[in-house]
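Taking it in order: structure first as structure tokens, then the write-up.
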Amino acid sequence: MKFGTRIIHTGREIDPTTGALSVPIYQTSTYRQESVDHFGKYDYARSDNPTREALEETVAQLENGTRGFAFASGMAAISSTLLLFSPGDHLVVCEDVYGGTFRALTQLFSRLGVESTFVDATDTAAIEAAFRPNTKGLYLETPSNPLMKITDLAAAARLARERGAITLVDNTFMTPYLQRPLDLGCDVVLHSGTKFLNGHSDVVCGFAVVRDPELGQRIRFIQNAFGAILGPQDSWLVLRGIKTLRVRMEESQAGAVKIANWLAGEKRVSRVFYPGLPDHPGHDIHGRQSSGPGAVLSFTLDTVETTRRLLEGMRLAAFAVSLGGVESIISYPARMSHAAMPPAERAARGIGDTLVRLSVGLEDADDLLAEMDRLING
Ligand SMILES: *Cc1c(COP(=O)(O)O)cnc(C)c1O
């Protein structure tokens, strides 16, 4: 079956009890047990909830994994999964990893004795050079945020496997519709489901998906022991959101392609970062390992004044943090996602004061273009 069909017919789309076409919201914390000797499949809702389970199996299936786990946020999924590691373990991490992940690694996991080295993961040799005898994990994001740098996932995962480390990939920007890291040899896929998977800017949630059953059991243990689970109402909303994943991604991506091409020809736009453009340094690798460039792009403008006029003037894109909603979202990395970084370090990473990130929603791209044209070209 084609992927678009699998999004709808996941095997978990029908309620087994009633035949309902929508899985019910099991709003319960506990379950009555038959006898002292026999406990049923469900005993307490931190451990198992049928609504959450339907969502977990759906996301696992879409990533071509065997087990999926739903958490209270993307950061809950990431931090819970990082509890796979122990004091003395070392991680190699892509340098433009999501800010919240950087903070968790450098301010929480470092205190617990898990050390991280940050590298330019577009360079497989740099990844290799950062490995130590105690390196147990390679943590990647591709395309990265906000400069859309591309890592060769198959090459990186091979390298890690040869050295006895697991590869974890934050697949938030792509979703399984466009990129499936487990198929490329990676071990754990992570998501902020808050973004494209749910897609409606109304739920905060996260996922971890694995193929290896033993790794699945270890994350299952952490999910239950640590307890950062997703509730049944939110699980239901995400199940509903995922039903339109394909049409949302296709439409938003078509808009992003159109806008990226237009920006690339504008005098006041100095650079456009989008893996769909042929001159993007990761264009070929991205083309091999995914089926599309996605719906997020970044660009730099001529002056801070133009940048401010665009950010504050847009009405069809909300000036906000986050991405992946049905509504376009325009954000300012220097003051938002990377505000905590010292200006010099930010500049060194290419995140200057005229850099803008746009997550293209479901508005007509022509209307977005017309508004951007008016604001940029004044
Ligand atoms: C938003 C985001 C996260 C964090 O997810 P939350 O749901 O906000 O906790 C992690 N990784 C990426 C790439 C993100 O965009």
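None of the figures in this text is laboratory data; all of them are computed from the coordinates on show. None of the values given here were measured: they were computed from a predicted structure. So basically every Cβ, Gly included, is an ideal-geometry build from the backbone, and we count neighbours across all protein chains shown.
Taking 28 Å as the cut-off for C-alpha to C-alpha distance, list the pairs among K149/K258; K41/K136; K2/K258; K149/K267 that go past it.
As for pairs spanning more than 28 Å Cα to Cα, those are K41/K136.
Could you give the length gained on full extension between A154 and H38, defined as 0.36 nm per residue of separation minus the Cα-Cα distance, in nm?
37.2 nm
Tally Lys/Arg at +1 and Asp/Glu at -1 over every other residue whose Cβ is under 13 Å from the Cβ of E56; what's the total?
Summing Lys and Arg as +1 and Asp and Glu as -1 gives -1.
Which of L112, L83, H200 sits farthest toward the positive end of the charge dipole of the chain, with +1 on the Cβ of Lys and Arg and -1 on the Cβ of Asp and Glu?
L112
If Lys and Arg each add +1 and Asp and Glu each add -1, what is the summed charge of the other residues whose beta carbon sits under 10 Å from the beta carbon of L323?
+2
Which of T66, T142, T28 moves most in a GNM of the chain, Cα contacts under 10 Å?
T28
Can you list the residues, at least 5 places off or on another chain, whose amide H is less than 5 Å from the amide H of I166, using H built in the peptide plane?
Those qualifying (amide H under 5 Å, at least 5 residues apart or on another chain) are G137, L138.
What is the gain in length, in nm to one decimal, between R268 and S86 on full extension, counting 0.36 nm per residue of separation less the C-alpha to C-alpha distance?
In short, 60.6 nm is gained.
So if R0 is 51 Å, what FRET efficiency would S22 and A348 give, r being the distance between their Cβ atoms, rounded to the nearest 0.05?
Here the calculated transfer efficiency is 0.55.
According to a simple spin-label model (label point 7 Å from Cα along Cα-to-Cβ), what is the distance in nm between E214 and M336?
Placing both labels 7 Å along Cα→Cβ, they lie 4.2 nm apart.
How far apart, in nanometres, would the label points at T244 and I14 be if each is projected 7 angstrom from Cα along the Cα-to-Cβ direction?
The answer from the label model is 2.5 nm.
Rounded, prolate or oblate, given the Cα gyration tensor of segment 79-132, with a/c below 1.5 counting as rounded?
It is oblate, given that a/c is not under 1.5 and a/b is not larger than b/c.
Could you give the nm distance between label points at D364 and Q233, where each point is 7 Å from its Cα heading toward the beta carbon?
3.7 nm
If you take the beta carbon distance between E162 and D183 as r and set R0 to 22 Å, what does 1/(1 + (r/R0)^6) give as a FRET efficiency, to the nearest 0.05?
0.70
Would you kindly give the portion of the calculated P(r) for segment 245-377 that falls above 20 Å, as a percent of all Cα pairs?
Roughly 43 percent, once rounded to a whole number.
Using the Cα centre as the reference, give the magnitude of the dipole from point charges on the C-beta atoms of segment 3-242 (Lys, Arg: +1; Asp, Glu: -1; all else neutral), rounded to the nearest 20 debye.
In total the dipole reaches around 160 debye.
Taking 51 Å as R0, compute the FRET efficiency from the Cβ-Cβ separation of Q107 and L316 and round it to 0.05.
That pair, Q107 with L316, gives E of 0.85.
Between D37, D96, D364, which gets the highest mean-square fluctuation from a Gaussian network model of the chain, Cα cutoff 10 Å?
Greatest mean-square fluctuation among the candidates belongs to D37.
To the nearest µm²/s, what D does Stokes-Einstein give for segment 176-334 at 37 °C and 0.692 mPa s, using the Kirkwood radius over alpha carbon pairs as Rh?
Estimated diffusion coefficient is 184 µm²/s.
Would you give the gap between the C-alpha center of segment 1-79 and the C-alpha center of segment 279-333, rounded to a whole Å?
34 Å
Return the loop-located trypsin sites (Lys or Arg not before Pro) in segment 93-158 (DSSP other than H, G, I, E, B) with at most 12 other Cβ atoms within 10 Å of their own Cβ; answer none if there are none.
R111
For every helix of n ≥ 4 consecutive DSSP H residues, a contribution of -39,500 (n - 2.57) applies; sum these over the chain, divide by its total residues, and give [θ] at 222 nm rounded to the nearest 500 deg cm²/dmol.
Helix-only estimate at 222 nm: -10000 deg cm²/dmol.
Give me the net charge for the shell around V97: Cβ to Cβ below 13 angstrom, other residues only, Lys and Arg +1, Asp and Glu -1.
Surrounding charge for V97 is -2.
Under a straight-distance cross-link criterion of Cα-Cα below 18 Å, which aspartates and glutamates are reachable from K243, leaving out those fewer than 8 residues away in the same chain?
K243 reaches E13, D15, E53, E56, E57, E63, D202, D234, E251, E327.
Does the chain come out rounded, prolate or oblate by the C-alpha gyration tensor, with a ≥ b ≥ c the root eigenvalues, rounded set by a/c under 1.5 and, if not, prolate when a/b is larger than b/c and oblate if not?
Oblate.
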